[in-house]
Each structure stands twice: as C-alpha cells, then as structure tokens.
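What follows is a set of notes on a single structure, which appears directly below.
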Ligand SMILES: [Zn+2]
C-alpha cells in the first residue's frame, strides 16, 4: 500500500492522518490532526521512545494533544509520562486497560535494553500514567475540530482491552492486526480474536486502511487472512489435543505460526482463554 512520506518520517494514510514507523519494537505511532487539537495513538516504550514520538508529533503540529493507548502492553503506553509532561490531560483507553496499565510495574523488566531508565523507574518521565478517560461497550467520538476520531471495542482478542481508533477511512488497530510478524498470544483470547477480526472485516464499507501496532498498514484482505489463519491454527491445535492429549507438541510443526507463537497459542487454549 503506497503512502506519501513527509520529511520527518510520518506516512500520510488519510486526511490529516499519519503513521510513524518507529525503530523501537517497530511500533507504529499514529497522529490525527484537527483544527483545535490532535490525537496521538500510542506513546512508545519509555521516555526515550516517547520523546522521539513527541518530537516527531511536534514537527507536525503545535496543537494541544490527546493520547489514545490501544492496549495495556508496555510498548504502547510507557511513553505516556512524556506526553503528560508536555501538557496532555486526556489519556484514553479501553476501560479494561486501566487495570493493566495500573499494574504496569510488572512490565518494566521488558524494556531493560532500549529504556534502562524506564526499567529502573529512575529519572524523568518514567512514572506510569494511567488513562483517565475510558471506552466501554459504547463507541466514543473524540472531537478534534473539523475532524473526529471514533474509539470503539469489538470484543476481546490480542488482549481483553483492545481499543480501535478510526479517523475517516483509516483505523488504528493496535496489535489486533500484525504485519510482518505472527500475532502475539501471551494475553490473547484466540477464539474471540477470530470473531473480533471477522467483525472488523465486516466494516470494510467504512474503512480502507488498517494500521497495525507493528508493521506496514494493510487492506481488508490482510484482516481476512489473519482471521482465517488463526481459525485454522485453532483447529489444528484442538485436533492435536483430541488425538494426543499427552503430547500436543507434535502439532507445533504443522501450525501456521512460528514455534514460539504456536506454543503460546496452544498454552492459551489449554488455559481456557
Ligand atoms: Zn500488544
């Protein structure tokens, strides 16, 4: 999918809607610019990453910002304190993300290499900033002035708190969609994830461009393929369990995912998720 690239690394994916592919964890940050304020989607894995994203945002707009966290995984919200220090007052997430982000201390060890200050909880802007605005079952419209962002939840999937953010023909999906890597199942609800993706695919009349949490923006076909591949993986895993309950590892080589993800998926299915 081709997009115009701005001089500072942002790709325009829709009207006043941009994606920044960052180097850390290949995280995509999003930016939607209205006439009164702008929305930032995901803030990075700590103060270094967050500041790089904020600097890139500030090269595009000086408007007041609002932050959206797509879910409670460290690479998507550990940069919140950088944005709070820049004056951001509204932090949005799904209501179930609040508990995960509040308990974010347990995720600090993941970022020891790219974000030593965040890992050690020392230095500036390393506090956990928990969203103070939440979305539940009902869609919320964020008005940015001459442009708006729809925030909504389609069901559990990559986590129990995946929030989607749509602006015009573009929808930011967080890690519900993966591009260039297998889906990550550590906190996932695999069967519900398939349904959530199928529901997202049904919104094709509304959206053309799906921005994953990591990797390149994709079209509707990618959403459908991810749903059918996941459905097939669940079928293989379920059949393996039926045929050889004591040794389901035999299914790993025939799963449509790399061994790590295949094992995580089977573990989640075993635990009843
Ligand atoms: Zn994630």
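Read the figures in this text as sums done on the coordinates, not as results from a lab. Nothing here was measured: the structure is a model prediction, and the numbers come from that model.
For the range 96-167, dividing the convex hull volume of the Cα atoms by the residue count gives 132 Å³ per residue.
Beyond 19 Å, what share of the Cα-Cα pairs of the range 84-211 is found? Please give it as a whole percent.
Values: 4706 of 8128 pairs.
When every Cα pair of the range 84-211 is considered, 58 percent fall beyond 19 Å.
Among beta bridges from DSSP that stay inside the chain, the antiparallel ones total about 70%. Considering only Cα atoms, the convex hull volume of the range 197-237 works out to 71 Å³ per residue. Using only Cα atoms, tell me the angle between helix 259-270 and the longest principal axis of the chain; keep it within 0 to 90° and round to the nearest 10. Helix 259-270 sits at roughly 80 degrees to that axis. Computed over the Cα atoms of the range 6-219, pair by distinct pair, the Kirkwood hydrodynamic radius stands at 16.8 angstrom. Length available on full extension from residue 239 to residue 206: 0.36 nm per residue minus the Cα-Cα distance, which gives 8.2 nm.
Could you tell me how many degrees, from 0 to 90 and to the nearest 10, lie between the Cα long axis of helix 47-58 and the main elongation axis, the longest principal axis, of the Cα atoms of the chain? Rounded to the nearest ten degrees, it is 60. Cα-based radius of gyration for the range 1-87, normalised by 2.2 N^0.38 Å, reads 0.99. Axis angle, to the nearest 10 degrees, between helix 220-243 and the longest C-alpha principal axis of the chain: 30 degrees.
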